[in-house]
Amino acid sequence: MAFDVSTVRAQFPALRRRVHGRPLVWLDAASTSQKPQVVLDAVLHAMEGAANVHRGVHTLSVEATSAFEATRDSVATLLGGVARDEVVFVRGTTEAVNLVAQTLGRARVGQGDEVLVTQLEHHSNLVPWQQLCAERGATLRTAPLDELGQVDLAAFTALVTERTRLVAVAHASNALGTVLPVRAMADVAHAVGAVLFVDGAQAIAHGPVDVNALGCDFYAFSSHKLYGPTGVGVLWGRRALLDSMPPWQSGGDMVAEVERTSATWREPPHRFEAGTPDVTGVIGLGAAVDWFQSLGPAAVADHDQRLLRHAMARLADVPGLRFIGEASARIGLVSFVMDDVHAHDLGSAVDREGMAIRTGHHCAQPVMAHFGLSATARASFSAFTTTDELDLLASALVRARRSLGLAR
Ligand code: PMP
């Protein structure tokens, strides 16, 4: 099926907005996505007949529970056809990392053990592992980057030892776009009995994800980067691992039996879903996943790669512009700096033309340190992004350079 960008665009009310008198050009998908009308409708519908889930026998609660649980099925299919009870709803990727670090991590990682991450991790997939290692007397190792912003598999492999208990890597980098060789990393981790956690926050909206093909043990993503609402996300984990994990937060809904001084836990995924969940958010996420599936993740990936090639070609012509991160495998995202211009000034200049790009360290300061920078500008693409918009960005960057008094 041909991918028709104009049909996709028509579904996004945000794209009818004007910013500083110009049509909005949203090139900040890596930060968060705009939402299609079906997601807005699903959220509104969930709030119009608000009810809690898993509790009531009345009609509205039964309806809410069925819509909420339908999202679990949609996510299980999205991730390549996993079991629905391996899908845990959390607040987002950050919470998923903390959940695993504080349950499985505390149980598996002890004094003298090792946890391995890479140098391109978002702070969310780094700081919780730092904390875990500090608490347990373990060592955090970091697989280095090469000059293109790729993780060298040989260097990664050399850091995996008999003491490695856990490996946590991004599927794709939010600062550079690099896609990591997760399958190969899984094999290396499993050879020493380590568990592989994958942060899928950036990869999920850029193409198909099959967690079994990736060979990972956990995979996390946030709804808001997949055209869904903020405040909700997913932790997928292998059933045997989830079964072995103690509860994280406790309270209502995660308990089987409660007596005066003790309680027993429900099976996963409910064991990890204490309290009233984000019912509206989960229902909105379900609409987003179904919408994304209707586009076809493989078709989205093709479009994304076309945009990437176009952006690289057009931005290469902008005087003074230098790409940061040029991995051979990338998602639709370009990070760059410009000689003599601070990234924030570039961001403000293109904002005046209605364009949203991101500037800063992108919550990935070890990446910035690797390149000796404090900030980059980043343009990241959505299913609705057009090559015309990328042309506009390139010309706006040229104008920005001139308006800052730089002749070329
Ligand atoms: N990991 C990566 C690679 C990300 O890009 C982000 C969000 N920028 C996160 C983790 C954290 O996601 P959230 O803030 O939705 O929890």
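With (1) of a type in the set (Ser, Thr, Tyr); (2) within 16 Å of the ligand (Cβ to nearest atom); (3) in a helix (DSSP H, G or I) as the list, and Thr32 as the residue in question, which single condition is left unmet? Condition (3) is where Thr32 drops out.
A quick yes/no check of all residues on (1) among the charged types (D, E, K, R); (2) over 19 Å from the mean Cα position of the chain (by Cα); (3) more than 24 Å from Ala203 (Cα to Cα); (4) modelled with pLDDT under 95:
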| residue | (1), (2), (3), (4) |
| --- | --- |
| Gly49 | no, yes, yes, yes |
| Val53 | no, yes, yes, yes |
| Val57 | no, yes, yes, yes |
| Asp73 | yes, yes, no, no |
| Glu86 | yes, no, no, no |
| Phe89 | no, no, no, no |
| Leu99 | no, no, no, no |
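Residues that are among the β-branched types (Val, Ile, Thr) and not in a loop (DSSP other than H, G, I, E, B) within the range 379-408 comprise Thr387, Val398, listed in sequence order. When Gln202 is tested against (1) under 30 Å from Asp41 (Cα atoms); (2) surrounded by fewer than 24 Cβ atoms within 10 Å (Cβ to Cβ), exactly one condition is not met: (2). A count restricted to the range 183-204 and to residues that are over 12 Å from the mean Cα position of the chain (by Cα) and within 13 Å of the ligand (Cβ to nearest atom) stands at 1.
Checked against the criterion of being touching a residue at least 60 places away in the same chain (Cβ under 8 Å), open to solvent by 60 Å² or more (accessible area, probe 1.4 Å) and not assigned by TED's automatic domain parsing to the domain that holds Met355, the range 61-79 has at least one qualifying residue. Scan the range 233-244 and tell me whether some residue there is closer than 19 Å to Ala274 by Cα, polar (S, T, N, Q) and in contact with a Gly (Cβ under 7 Å, 6 or more places away or on another chain). Checked against the condition, which is being closer than 19 Å to Ala274 by Cα, polar (S, T, N, Q) and in contact with a Gly (Cβ under 7 Å, 6 or more places away or on another chain), the range 233-244 yields no hits at all.
Residues in the range 37-51 that are open to solvent by less than 50 Å² (accessible area, probe 1.4 Å) and assigned to a loop (DSSP other than H, G, I, E, B): Gly49, Ala51. Any residue at all in the range 222-230 that's among the basic types (Lys, Arg) and more than 27 Å from Leu295 (Cβ to Cβ)? No, every residue in the range 222-230 fails to be among the basic types (Lys, Arg) and more than 27 Å from Leu295 (Cβ to Cβ).
Filtered by the rule that a residue be among the hydrophobic types (A, V, I, L, M, F, W, C) and touching a residue at least 60 places away in the same chain (Cβ under 8 Å), the range 332-349 gives Leu333, Val334, Met338, Val341.
Looking at the structure I just gave you, is Pro229 assigned by TED's automatic domain parsing to the domain that holds Asn52, within 16 Å of the ligand (Cβ to nearest atom) and in a loop (DSSP other than H, G, I, E, B)? Spelling it out, Pro229 is indeed assigned by TED's automatic domain parsing to the domain that holds Asn52, within 16 Å of the ligand (Cβ to nearest atom) and in a loop (DSSP other than H, G, I, E, B). Only residues that are in contact (Cβ under 8 Å) with a residue 12 or more places away in the chain and open to solvent by 10 Å² or more (accessible area, probe 1.4 Å) were counted in the range 262-298, giving 24.
Working only within the range 363-377, note down all residues that are within 16 Å of the ligand (Cβ to nearest atom), over 11 Å from Gly325 (Cα atoms) and out of contact with any helix residue (DSSP H, G or I) (no Cβ under 6 Å at 6 or more places or on another chain). Scanning the range 363-377 gives Ala364, Gln365, Pro366.
Look at Val88 and say whether it is within 30 Å of Arg136 (Cα to Cα) and either in the same structural domain as Asp278 (by TED's automatic domain parsing) or open to solvent by 10 Å² or more (accessible area, probe 1.4 Å) (or both). For Val88, the condition - within 30 Å of Arg136 (Cα to Cα) and either in the same structural domain as Asp278 (by TED's automatic domain parsing) or open to solvent by 10 Å² or more (accessible area, probe 1.4 Å) (or both) - is met. The number of residues in the range 111-164 that are within 16 Å of the ligand (Cβ to nearest atom), buried (at least 19 other Cβ atoms within 10 Å of the Cβ) and hydrophobic (A, V, I, L, M, F, W, C) comes to 7. Any residue that is away from the ligand (no atom under 13 Å from the Cβ), open to solvent by 10 Å² or more (accessible area, probe 1.4 Å) and closer than 19 Å to Asp152 by Cα - is there at least one of those in the range 205-213? Scanning the range 205-213, I find no residue that is away from the ligand (no atom under 13 Å from the Cβ), open to solvent by 10 Å² or more (accessible area, probe 1.4 Å) and closer than 19 Å to Asp152 by Cα, so the answer is no. For the range 131-144, a residue qualifies if it is hydrophobic (A, V, I, L, M, F, W, C) and under 14 Å from Leu116 (Cβ atoms), and the qualifying residues are Leu132, Cys133, Ala138, Leu140, Ala143.
The values are calculated or read from the model by the stated rules, or taken from the named source; none is laboratory data. Every value quoted in this text rests on a predicted model; they were computed, and no experiment measured them. A quick note on method: Cβ atoms are made from the backbone with ideal geometry, for glycine too, and the neighbour counts reach across all protein chains shown. Areas reflect the complete protein model, heavy atoms only, side chains present, ligands, DNA and RNA absent. Shrake-Rupley method; radii C 1.70, N 1.55, O 1.52, S 1.80 Å.
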